[in-house]
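A short worksheet on the structure shown next.
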């Protein structure tokens, strides 16, 4: 090869590396099995398989007649003010009585013993008022505890998503034990999670926060989708020569289902 031709070839700019794509899987951001925190009879399931759910929505109701009655009784005790009002009125009356006796003592119309007796009665009444006030505070705490117990009879959705499966139906006995069946299985579909295994040679090509192109399988392969890399494994699989990445896809409209195979391009 002529030296001039060799120099010309060496002076040419380097061609950019071709983008490579790899197999991946589109999965829910998280999947949770809904179990009961208490023992009871399943009264109603408010969402069925395949239905969309929103965060905070009631998913399961457990029979709660006893807890409702307890909460209502606790509320009545917490709102009762008769004892406290009576004690407060008694304190006011004895305080006025002690003041009048003190004035009469200054004019020597009553004895000092009468004033001391009135002050002793006032202190006793003030102690009764304090006891009534403390009982009201305890009643309010008991009411809050009863309401919390009642709320545990309803299971709320921890996130928005879809119901994947239903295992128990109204009338079934629910238990918090791990050996018992859950009521529902739910999945968070916004955002969606993209998991891929890449060869070690691609480790320097991907970083957290980087945008990658994800193409789902048919019939959703009409156009690539942008995904943001959230995590990159810092420990490689030496035996397989791979490492994992996790990216997220915005799926606020719910147009893309989870469980799709895909191709991710760096």
* Asked: Which strands (runs of 3 or more DSSP E) does the stretch 1-115 wholly contain that include 2 or more residues that are touching a helix residue (DSSP H, G or I) at 6+ places or on another chain (Cβ under 6 Å) and modelled with pLDDT of 90 or more?
  -> none
* Structure fact -> Screening 194, 229, 212, 163 for residues that are buried (at least 19 other Cβ atoms within 10 Å of the Cβ), over 30 Å from residue 37 (Cα atoms), in contact with a strand residue (DSSP E or B) (Cβ under 9 Å, 6 or more places away or on another chain) and touching a residue at least 60 places away in the same chain (Cβ under 8 Å) leaves only 194
* Structure fact -> Note: among 207, 201, 253, just one is under 27 Å from the mean Cα position of the chain (by Cα) and in the same structural domain as residue 26 (by TED's automatic domain parsing), namely 253
* Out of the stretch 249-258, which residues are surrounded by fewer than 17 Cβ atoms within 10 Å (Cβ to Cβ) and assigned to a strand (DSSP E or B)? -> none
* Asked: Which of the residues spanning the stretch 215-226 are within 32 Å of the chain's Cα centre (by Cα) and surrounded by 16 or more Cβ atoms within 10 Å (Cβ to Cβ)?
  -> 216, 225
* When residue 188 is evaluated against the numbered criteria (1) assigned to a helix (DSSP H, G or I); (2) surrounded by 15 or more Cβ atoms within 10 Å (Cβ to Cβ); (3) within 23 Å of the chain's Cα centre (by Cα), which criterion, by number, is the only one it fails? -> (1)
* What are the residue pairs meeting all of these: first residue in the stretch 135-153, first residue farther than 17 Å from residue 59 by Cα, second residue modelled with pLDDT of 95 or more and surrounded by 15 or more Cβ atoms within 10 Å (Cβ to Cβ), Cβ atoms under 7 Å, and 6 or more apart or on different chains? -> none
* Of the residues in the stretch 237-248, how many are over 22 Å from the mean Cα position of the chain (by Cα) and assigned to a strand (DSSP E or B)? -> 7
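The values are calculated or read from the model by the stated rules, or taken from the named source; none is laboratory data. Quantities reported herein were computed from a predicted structural model and do not represent experimental measurements. Using ideal geometry, Cβ is built from the backbone for each residue, glycine included, and neighbour counts are taken over all protein chains shown.
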